[in-house]
Amino acid sequence: MASQGDTSPAPSESFMDQLRANKAFVSISSLFKWEEPLATGLLFSIIMVFLFLISFGGYSVLNLAGDIACIFLLMCGLFIFGSQMYGKWKKEAVVHNPIGDRFAKGQLGVSEEWMREAFEMKRLMWNKLMESTRDVICFESPAKSFAWVVLLYIFGVLGSYISGVTFLAIVTLIAFVWPRVYAEQHAVIDAQYAKACEKMGEGYEAALAKVPPAIRAKFKPE
């Protein structure tokens, strides 16, 4: 039992615990987990078609964005006026605006509370990124820093074979597939990840045993 004079701070939450408690993160992550299949499928399709047309259709980003926005606005107008003309032809008492009725004023906005949560989420992510970047560039853990050297070299090699648009398409595919797969198979994935980390740790220790003790001390795993 702690004494009355004990003022030591309670253990702080981990980075992921703080994110999971953030309402903005929860709402955004639900989109990538396909909890709303229609909205997620629509967003995923738009992004992939956009990247496909840029890569193979000869469009620029501004050209394609302008054309899509123009077509979208015209389609909205045709749908609204077509629905209203049909309502008048059917002699309905009230002629509705189908899109305006579906999305009332203020419905597409966000609350002040959600914005505060979103800024807090960005702050957490930025601070975590800066903390990790600082550890890598300062070689706080030489093993981790050299691992990043290898990883960045691999990225550089891949960059000579695939375009930036193709890379964005791959990232988009992973972003929309991985969260759902992990949500459904997290127990199996976590178990396999633990086994892989254990095997890598054994190999790392075996390699570390072959270097001089003075150097080995700097490469001890955290």
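Gain on full extension, evaluated as 0.36 nm per residue between residue 52 and residue 65 minus their Cα-Cα distance, stands at 3.4 nm.
The charge dipole of the chain, taken about its Cα centre with unit charges on the Cβ of Lys, Arg, Asp and Glu (plus for the first two, minus for the last two), comes to roughly 460 debye.
By accessible area, using a 1.4 Å probe on protein heavy atoms only, the chain has 69% of its surface on carbon and sulfur. As I understand it, the dipole of segment 64-205 uses +1 on the Cβ of Lys and Arg and -1 on the Cβ of Asp and Glu, about the Cα centre. Which of 169, 137, 148 lies farthest toward its positive end? The one lying farthest along the dipole's positive direction is 169. The residues of the chain have, on average, 79 Å² of accessible surface per residue, using a 1.4 Å probe with all protein chains present.
The heavy atoms of residue 199 present about 140 square angstrom of accessible area, all protein chains included, probe 1.4 Å. Report summary: the helix-based calculation at 222 nm, which adds -39500 (n - 2.57) for every DSSP H run with n ≥ 4 and divides by the residues of the chain, gives -25000 deg cm²/dmol.
Per residue, the average separation of C-alpha pairs within less than 8 Å and at least 6 apart gives segment 86-222 a relative contact order of 24 percent. Between 171, 95, 61, the GNM of the chain built on Cα springs shorter than 10 angstrom shows 95 fluctuating the most. Translational diffusion coefficient of the chain (Stokes-Einstein, Kirkwood radius from Cα pairs, 37 °C, 0.692 mPa s): 139 µm²/s. Holding the Cα-Cα limit at 24 Å, pick out from 128/199; 23/128; 23/122; 23/195 the pairs that are longer than that. With Cα atoms farther than 24 Å apart: 128/199; 23/195.
The values are calculated or read from the model by the stated rules, or taken from the named source; none is laboratory data. Computed from a predicted model, the values in this text were never measured in an experiment. Quick reminder, even Gly has a Cβ in these numbers, built from the backbone with ideal geometry, and neighbours come from all protein chains shown. Note: accessible area is taken over every heavy atom of the protein model, side chains too, but ligands, DNA and RNA are not part of it. Shrake-Rupley method; radii C 1.70, N 1.55, O 1.52, S 1.80 Å.
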